[in-house]
Amino acid sequence: MTRLLKFMMERKSLLLFLFLEFFAFTLILRSNLYLNYKHNHFVTEVSGRYNNRVHNITRYFELNQVNRKLQEENSRIKNKKINKINDSIDFLTWKNFSVIPAVIITNQFQFSNNHIIINKGSKDSIQPGMGITGTKGIIGTVVKVSPHYAAVLSILNNKTSISVKPKNSNHFGFLKWEGRSPKILTVEDIPLDAKINISDTLVTSGNSNIFPKGIPIGIITDIKKLKGSKNYSLKIRPVEDLTDLNIAYILNNKYQKEYLQLKDSINEN
Amino acid sequence: MKINFRFFLLLFLLVFIQLLWYNHLKLYGRFVPIIYIYPFLILSFSQNNLQLILAFITGIFLDIFLHTGGIFAAVTVFIIYIRRLFTIPFLHQNRRNEEQINPLLFSFNNKIIYYGLAIFFTILFLNLLESFSFSYVFYKVPLFIINTLLSLIIIIFIDYLFINKING
């Protein structure tokens, strides 16, 4: 016993190092399970409050940019109203959704798993699983919620897998991010039967019920047919500049709970 | 340098700037200097246990605000624990094992090597733990070198303008 204590005293620095590393790695492993642990609310709320204060100071320098984006969006909405009759099918999927506007407080894009914090939380009826769009296209899904803030899993995240399709066809594939550049996303699993060209637009397929059908995602910049594969591998440029986000819209599917219950009951059978 | 009020002031300031850089400054989304670790790098090589605990707390603090689990805590503790190894290129083994080495007294060239290696490995391990992908990390090595150089410029600037002036 004395020898053990002596050994521990001689190597207390190493033991402390191993203990702290063990603790840190436990946190990393737990956070990889989509950060579903107890201090979830606490972490989101604390970082949200701090970042909100900093954002309140920095936002004055960005007002011109925000105004320009809102003007662009206004004109796009006006154009969409005119073309509404042509978009009647997309309109049917949109009617299940309500839209909640929010301000983006922080936007990460330096990591391979990036998060966004918005200034709306559970008190504004925000729940994990809701989709988020910017002024032009999708930007992520809500993963954590505190009373006043929400953490969003950005599409610049290597866990991203969103169902997408070419605007003029119904063959769908999955949106991914390889972590290399915020200007390049990839799309896998679109079958070779689909007729696609460079500069075509990809939109949400509406399959997941998180996003309605037809929200723009990106423009095709490269098309590859992989040897031995029956699918395309596409590189796309996102329509939304994911390094420069100010405004977000949270999409609340009013019937999402009902949809998930139905899906679960099918799986059980 | 010892762990005193000046150390905590510098640490608080650099952690604040680090968070600001990660969350609010843009620089094309690629260039992120790592400066929060500097106050630990200039501590003398004694008082190791207290340094490890402070490194862990600083790391956890960054993890909370950057939503990175425990990545910063793990890497900061690791780098502080092994930082003696970054003196291998310029210190003899006997000298390296001395308890009271003060990094602030290194020559300019030795400081560049010591800070440079520490920052490069901090960036490398942060990215490795964050992505869990060697291919991703190898692809990003040129960017890590640029970020290391950017961090070095800022750190040498702080070192010469503030720290050396106070010590001198």
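The values are calculated or read from the model by the stated rules, or taken from the named source; none is laboratory data. Since the model is a prediction, treat every value here as computed from it, not as a measurement. Heads up, the Cβs are rebuilt from the backbone with ideal geometry, glycines too, and the neighbour counts pull from every protein chain shown.
Looking only at residues in the range A:38-47 that are at the interface with chain B (Cβ under 10 Å from one of its Cβ atoms) and at pLDDT 70 or above, the one that is surrounded by the fewest Cβ atoms within 10 Å (Cβ to Cβ) is A:V46. Go through the residues of the range A:169-179 one by one and say whether even a single one is in a strand (DSSP E or B), aromatic (F, W, Y) and more than 22 Å from A:G129 (Cβ to Cβ). No, the conditions are met nowhere in the range A:169-179. Of everything listed in (1) modelled with pLDDT of 90 or more; (2) in a helix (DSSP H, G or I); (3) buried (at least 18 other Cβ atoms within 10 Å of the Cβ), the single unmet condition for B:I57 is (3). Restricting attention to the range A:165-198, the residues being exposed (fewer than 15 other Cβ atoms within 10 Å of the Cβ) and either at pLDDT 90 or above or aliphatic (A, V, I, L, M) (or both) number 2. B:T68 meets each of the listed conditions (1) in a helix (DSSP H, G or I); (2) within 11 Å of chain A (Cβ to nearest Cβ); (3) of a type in the set (S, T, N, Q) apart from (1).
Exactly one residue among A:G140, A:G129 is in the same structural domain as A:E73 (by TED's automatic domain parsing), at positive phi and crowded, with 22+ Cβ neighbours inside 10 Å, and that residue is A:G140. In the set (1) surrounded by 16 or more Cβ atoms within 10 Å (Cβ to Cβ); (2) part of a loop (DSSP other than H, G, I, E, B), the condition left unmet by A:N207 is number (1). The sole residue among A:K213, A:K225, A:K165 that is of a type in the set (K, R) and either farther than 28 Å from A:K257 by Cβ or within 14 Å of chain B (Cβ to nearest Cβ) (or both) is A:K225. Of all residues in the range A:157-204, those satisfying the criterion of being among the aromatic types (F, W, Y) and closer than 22 Å to A:K230 by Cβ are A:F172, A:F174.
One residue stands out among those in the range A:103-119 that are more than 8 Å from chain B (Cβ to nearest Cβ) and surrounded by fewer than 22 Cβ atoms within 10 Å (Cβ to Cβ): the one that is nearest to the chain's Cα centre (by Cα), which is A:I104.
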